Every structure is written in structure tokens, then in C-alpha cells.
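Reviewing the structure listed below.
The values are calculated or read from the model by the stated rules, or taken from the named source; none is laboratory data. Quick caveat, the model's predicted, so the values are computed rather than measured. Heads up, the Cβs are rebuilt from the backbone with ideal geometry, glycines too, and the neighbour counts pull from every protein chain shown. Only protein heavy atoms, including side chains, enter the accessible area calculation; ligands, DNA and RNA are left aside. Shrake-Rupley method; radii C 1.70, N 1.55, O 1.52, S 1.80 Å.
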Amino acid sequence: MTSTSAIRSHSSGARAVLNIAVLVAALGYFVDIYDLILFSIVRVPSLKALGFEGETLFQHGVWLLNTQMAGMLLGGILWGILGDKRGRLSVLFGSIVLYSIANVANGMVQSIGGYTAWRFIAGLGLAGELGAGITLVSEVLPKESRGWGTTIVASVGICGALLASKVAEALDWRYAYFVGGGLGLLLLGLRVAVFESGLFEKAKKKNVKRGDFFHLFRTRRDFFKYLYCILIGVPIWYVVGVLMTFSPEFAQALGAHEPVSAGKAILYNYAGLAVGDLASGMLSQALSSRRKAVGIFLVITSVFVAVYLTKHGLTADSFYWICSVLGFGSGYWAVFVTMGSEQFGTNLRATVTTTVPNFVRGSVVPLTLSFAALKGAVGIVPAGAAVGIVALGIAFFSLFRMEETFHKDLDYFE
């Protein structure tokens, strides 16, 4: 290829990525992450405002987090099936409406019962946006550019955590929830400019069953392919759901010189995640491989999990720095979700792409339950290490078993 042809090709690829579908998916994920992370940040002040203290803060915090994740597990299945049956856009914006309303309602709760109900509903809503957005972007972009598109979606979306941290720092926890709800409702105005995926429209005209979730369990090959898609992402939510959410408790156990704020730890972690998502996406494009990029970032994650759990007597700033680098290492979310989207045909793609990240997010339920059970028996640091070894081990094994999908044509059916 001549230099002029290469420049034209690069310019054409850049224009393909910078379209309204990528923008809407990125902003939708931004608001999704804002709400998802906001609870971890305001966990303590919101529960204190409802009258809880001491060990009950930990117990109710785990309960609410697991309730939210249970909603995401159920919502992931429902939205995924709907995305293949009714279209990617119906899910993209239906989910935004639901979690925006839930956000506003979370700011108005007066009891633990109400808080539990609305975190479950928020989980249902949050379950649909990312999968629908990634599916849409993967299908409307050429295969040479779709990795860039999904990287932009994830990198912009992750920054929602940074806004959540700043808003929670500046405003009362109730108003922080109201801000999230307002952002989601404002985003709906962009819906009119987005068009449905051409591959989905083509699938509608074919005599092929769409959105059959149970198809994924009919053969050993499909089941394990689907399972591996989920398991490679579990370390990301081990880092966020265990190490960051309970960072004050870990820092205290490790003899930190100063108290550590969960909100600030999450802020630094997600700053690292945003950079990591961009870097892993760029690395994937440079290597023309999803698997190699994920493998490299899993190694980085493993190294800094070990650093996080073994460094004693740190200052708060040093602890936050480790949280940031750990976020960078676990910042392969964009590549991981793209791999899931590329594994299955058009008639199942939304189902897979929506359920996979939500099962990963939902993995925080067994992760935190295991962590809480082990914490009482062996202590917080050994418990965190044991859960991390299992999460990382199954991720490496699953990655080894997955096929490379970088150059895969997505115009096919299961």
C-alpha cells in the first residue's frame, strides 16, 4: 500500500469511528458507570444517614451491592433477549430510562427496604446499556475499526466514575443520585439521531430464531465458549467490588499511616481504568489480537494485586497510587466486551454481549460473599488474596481456551 493510500485508509477509518452511534453508546455508558460506582462511593454516608453504624455499615453495604448485582444478572438476560428480538436501540434507550428513574428514586429513600428495592431496579436498568451499545457499535463499524469504536465507548464510559467521585465530594449523597438521573434523561434527546444496526435489520428478514438464550447451553462447545467470555472479565470486578469498595478496611489492616477514603480510592482506580481501557484497545489494534492484549493486562493486574495486598505502612497517597496502577492493569473492559460480542452470530449477539458483562458484574455476589466468609476466619488480607488467586486463575485459563476474533466477519447467524 502506498503512503497516500495508507493515509486515506486511516482517515476513512477515523471518520467511521466518529459517528453518532459511538457517541450515544459512550455517553450512555458514562451515565451507567456514574450510577454503578456512585453507590460504592456513598455507601457509608448514605447508610449513616439512614441510621446505621459500625459493623452494620459493612453488612448492609454488602447486601445492597449484592441486591444491585442480582438485578443486573436478571436484567442482563431480559435486555439481551430483547436486543436480539426487538433491536439494539430499544434496549439502549429503555435501559437508560429505567436506571435514570431509579437514580432519582434512590435519592429519595428513607429506609433500608426502599434502598434495597431501588438498587435492585437500578441494577435492572444498568444491565442493558453497555451490551446494546457495544453490539450496535460492533455492527455498524467496519471490522478494522470496531476495536477503536468499542475502546472509545469504554474509555469515555469509565470517566463516569470520575464524575461520580467529584459530584459525591461536592454534594450530599441524595443530590448526587439526582444528578445521575438527570444526566440519563438528558441523554435520551440524542436518540432521534441514531439508526438501527444494518446487520440486525438483515436478521429480521431471515427465518432465523433470534434472542434464544437457551441456545447457549445446547452444546458443550457453545456453553464453554460463553462461559469463557464471562470468566476472563471476573478479575475486573474483583478489583472494583472487593479491593476498591472495601479499601478503607484493607488499608487499616495493612497499617496505613492515614485513613483511606473508598471514594478517593475508586476515583484513582477509575482514572487508571480509563487510561488502561484506551491503552488495551490501542494495544489490541497494534497487535491485531484481542487475546494477546487481554493476556498482557491480566499479568499487570496480577502483579499489582500482589503489591496492593503486601505493602504495609503506606501513606494514603501511596495507597491511592497503587489503586491507580491496579486500575490500569484491569482496564481491559473494552477488549473483553468486544471479544464477547465477536464470538456469536447476529441472532444471538445482543444476548451474549449484554449478558456477559452483567454476569461479570454479578460475579461480585459470590466474590463478596466468599470474601466476607473468609474474612471472619482468616482475616481481611488473606481473604482478599484467596479470592483474587481464584479470580485471576480462572481468567487466565479461560483466555487460553478462547479463539482469536480480531479479523472475524460478524455477518453470520448461529
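Between the stretch 315-390 and the stretch 73-97, the alpha-carbon centres lie 23 Å apart.
To the nearest ten degrees, helix 20-49 and the longest principal axis of the Cα atoms of the chain are 10 degrees apart. For the chain, the longest stretch holding no trypsin sites (Lys or Arg not before Pro) located in a DSSP loop with at most 11 other Cβ atoms within 10 Å is which? The segment 1-204 is the longest one with no such site.
Over the chain, dividing the summed -39,500 (n - 2.57) contributions of all DSSP H runs of at least 4 residues by the number of residues returns a 222 nm mean residue ellipticity of -26000 deg cm²/dmol. Rounded to the nearest whole Hz, the Karplus-based 3J(HN,Hα) values (6.51 cos²θ - 1.76 cosθ + 1.60, θ = phi - 60°) of the stretch 50-59 follow the sequence 8, x, 9, 9, x, 5, 5, 4, 5, 5, with x at glycine and proline.
Summarising the label geometry, the points placed 7 Å from Cα in the beta-carbon direction at Asn207 and Val378 lie 5.8 nm from one another. Measuring from centroid to centroid over Cα atoms, what is the spacing of the stretch 111-188 and the stretch 268-294 in Å? Their Cα centres are 20 Å away from one another.
Of the chymotrypsin sites (Phe, Trp or Tyr not before Pro) found in the stretch 191-233, the ones in coil according to DSSP and having at most 16 other Cβ atoms within 10 Å of their Cβ are Phe195. Seen from every direction in turn and averaged, the convex hull around the alpha carbons of the chain projects onto 19.7 nm². Here's the picture: charge each Lys and Arg Cβ at +1 and each Asp and Glu Cβ at -1 in the stretch 335-414, and of Leu348, Ser370, Thr338 the one pushed furthest to the positive end of that dipole is Ser370. Values of log10 I(q)/I(0) for the stretch 135-203 across q = 0.14, 0.15, 0.17, 0.21 Å⁻¹ run -0.63, -0.69, -0.80, -0.97, by the Debye formula with one identical scatterer at each alpha carbon and no solvent.
Helix 316-329 and the longest principal axis of the C-alpha atoms of the chain enclose an angle of approximately 20°. Less than 14 Å Cβ to Cβ from Val364, Lys/Arg counted +1 and Asp/Glu -1: what total charge do the surrounding residues give? That sum, taken over residues with Cβ under 14 Å, equals +3.
With an 8 Å Cα cut-off and a minimum separation of 6 or more residues, compute the relative contact order for the chain in percent. Please list the in-between numbers first.
Numbers: 767 pairs, mean separation 100.8, N = 414.
This gives 24 percent for the chain.
Computed over the alpha carbons of the stretch 274-414, Rg followed by Dmax gives 17.0, 56 Å.
Close amide H partners of Gly345, meaning residues 5 or more places away or on another chain with modelled amide H under 5 Å apart, are Glu414.
Please report the projected area of the stretch 209-355's Cα convex hull averaged over all directions, in nm².
Details: hull surface 37.7 nm².
Here the figure is 9.4 nm², rounded to one decimal.
So, with a 1.4 angstrom probe, what is the percent of accessible area on the chain that is carbon and sulfur? Provide the component values of the computation, followed by the final result.
On the way: 10450 of 15610 Å².
For the chain, the apolar C and S fraction of the accessible surface comes to 67 percent.
How much space per residue, in cubic angstrom, does the convex hull of the C-alpha atoms of the stretch 27-106 take up? It would help to have the intermediate numbers written out before the result.
On the way: hull volume 6.4 nm³, N = 80.
Considering the Cα atoms of the stretch 27-106, their hull volume per residue is 80 Å³.
Between Ile389 and Arg218, residue separation times 0.36 nm minus the direct Cα-Cα distance comes to 58.5 nm.
Using the Cβ of Asp409 as centre and a radius below 12 Å, the other residues enclosed give a net charge of -1, where K and R count +1 and D and E count -1. Helix 364-378 axis versus longest C-alpha principal axis of the chain: approximately 30°, rounded to the nearest ten.
Can you tally the net charge around Ile236? Count Lys and Arg as +1, Asp and Glu as -1, for every other residue whose Cβ sits under 12 Å from the Cβ of Ile236.
Values: positive: Arg361; negative: Asp277.
Charge balance in the 12 Å sphere: 0.
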